[in-house]
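To keep things clear, I will list the structure first and then write my remarks on it.
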Amino acid sequence: MAHHTVRSGYVDLVERLNRFPQGAPPSELLDGILRMLFSEEEARLVALLPIRPFDAGKAARAWKLPLTRARKILDTLASRAILLDLEVHGRQLYLLPPPMAGFFEFSMMRLRGDIDQKALSELFYQYLNVEEDFIKALFATGETQLGRVFVHEGVLAGETALRVLDYERASEVIRTAPHMGVGICYCRHKMEHMGRACDNPLEICMTFGNAAASLIKHGFARRVDTVEGLDLLQLARERRLVQFGENVRQGVAFICNCCGCCCEAMLAAQRFGLLHPIHTTNYIPENHAERCNGCGKCVAACPVEAMTLVTANDPDKPRKKKAKLDEEICLGCGVCAAACDRGGISMKGRAERVITPLNSSHRAVTMAIERGTLQHLIFDNQALRSHRAMAAILGVILSLPPIKQAMASRQIKSRYVESLIRRAGA
């Protein structure tokens, strides 16, 4: 008699997660994380869900369950922030977020007793901070990355301050977001359980828009108004934290206030800085040697070790130091300029502007092109109407040699994808 091995729902779920552009490389540690967050049956069901937003009817058909039963399961998953439940144009939709930025963070954004957060933190630490596959896939693959840095607006002056655009301002995201929630910082919460946390504020992780509305609804974030949001932003800047947010111009979903010792994005920038794991701002520090006394405040403040002290080569003061910037790894956050109380550092525009994707759909498509997973997005994406056209373009790109593929990728990103998404109203 033939024996059939039952395929694990967790294996199916890992395959589903790897349809996202950033991916989640298989690992025993990942399996342990998923087993803490999902039951076997939940993993099997979630593995059948689309990447893009869907309604309860679509889930019911995929699961072959009655609509009322499917909706109950979806609402249960949303109550644990495994899914986000969204109201879009009067319709109730659901969204499976990626692991990061997504349900990994959500699991630690509030104190909870239904899971062992210390054990989960230990798994996260090993998977993200010891093993490198996930962090490399998330931060160090392709040109287009998940997140970008917002410049510290207070250190911009003169013509540089006049040129900063609205989408480059964290304050503008806060002022214009339809919903804003604040939750516990996943990174520092995780490090707290590991005995490695710093003393920076915990409740300072910002979410916006529909994602914030869902997290607020289920108690994973606290609703705040514009005034409190701006106060929290000012507190973060006073603590020399870096604003790291979604790499889009429109509809930013999150802004984290990051330290260099706990936060995944800053740690990735320290480990893989030359691979440019984070999109920088359009600004760069400029040192004014005549004002620098070598105190090292800028060095201590820099979250990615881009600023160092070197000899000032002063024959009268042979031990005198001065600050030196490594532009190749600098994020352009402006934290160093804020830390200098002598006016020794100012911010100037970069020689070449950094390209920021239009919105989350645009970013997802460009990330998928660069990572060779565009086919998953095309056949799973309700926002893009012209599936066949995109599939045909993908076939052409994949048939080209690597150099031509890169050239074609840039052409698609700059001309085709953005216009397509604008027409589709994504």
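The values are calculated or read from the model by the stated rules, or taken from the named source; none is laboratory data. Every value quoted in this text rests on a predicted model; they were computed, and no experiment measured them. Virtual Cβ from ideal backbone geometry, glycine too; neighbours counted across all protein chains shown. For accessibility, only protein heavy atoms count, side chains too; no ligands or nucleic acids. Shrake-Rupley method; radii C 1.70, N 1.55, O 1.52, S 1.80 Å.
Descriptive notes on the structure:
- When 421, 393, 412 are screened for being modelled with pLDDT under 65, β-branched (Val, Ile, Thr), within 22 Å of the chain's Cα centre (by Cα) and surrounded by 15 or more Cβ atoms within 10 Å (Cβ to Cβ), only 421 passes.
- Any hit, the range 149-157, residues being more than 15 Å from residue 285 (Cβ to Cβ) and among the hydrophobic types (A, V, I, L, M, F, W, C): yes
- Contact map, the range 154-175: residues that are farther than 16 Å from residue 358 by Cα paired with residues that are open to solvent by 60 Å² or more (accessible area, probe 1.4 Å) and basic (Lys, Arg), Cβ distance under 7 Å, separation 6+ or inter-chain. Pairs shown: 160/348.
- One residue alone among 292, 258, 298 is over 25 Å from residue 126 (Cα atoms), in contact with a helix residue (DSSP H, G or I) (Cβ under 7 Å, 6 or more places away or on another chain), among the hydrophobic types (A, V, I, L, M, F, W, C) and modelled with pLDDT of 90 or more, and that residue is 298.
- The helices (runs of 4 or more DSSP H) found entirely in the range 95-170 that carry 1 or more residues being hydroxyl-bearing (Ser, Thr, Tyr) are 117-124, 158-163.
- Residues in the range 141-191 that are closer than 15 Å to residue 236 by Cβ and acidic (Asp, Glu): 153 alone.
- Those residues of the range 87-116 which are open to solvent by less than 20 Å² (accessible area, probe 1.4 Å), under 15 Å from the mean Cα position of the chain (by Cα) and small (Gly, Ala, Ser), in sequence order: 102
- Taken over the range 351-383, the criterion of being aliphatic (A, V, I, L, M), at pLDDT below 75 and outside any helix (DSSP H, G or I) is satisfied by 383 alone.
- Some residue of the range 192-199 being over 16 Å from the mean Cα position of the chain (by Cα), free of Cβ contacts under 8 Å to residues at least 12 places away in the same chain and surrounded by fewer than 17 Cβ atoms within 10 Å (Cβ to Cβ): yes
- Condition met for residue 221 (open to solvent by less than 10 Å² (accessible area, probe 1.4 Å), aliphatic (A, V, I, L, M) and either out of contact with any strand residue (DSSP E or B) (no Cβ under 9 Å at 6 or more places or on another chain) or closer than 29 Å to residue 113 by Cβ (or both)): no
- Listed by position, the strands (runs of 3 or more DSSP E) enclosed by the range 205-323 that each have at least 3 residues that are over 21 Å from residue 134 (Cα atoms) and over 21 Å from the mean Cα position of the chain (by Cα) are 283-287, 307-311.
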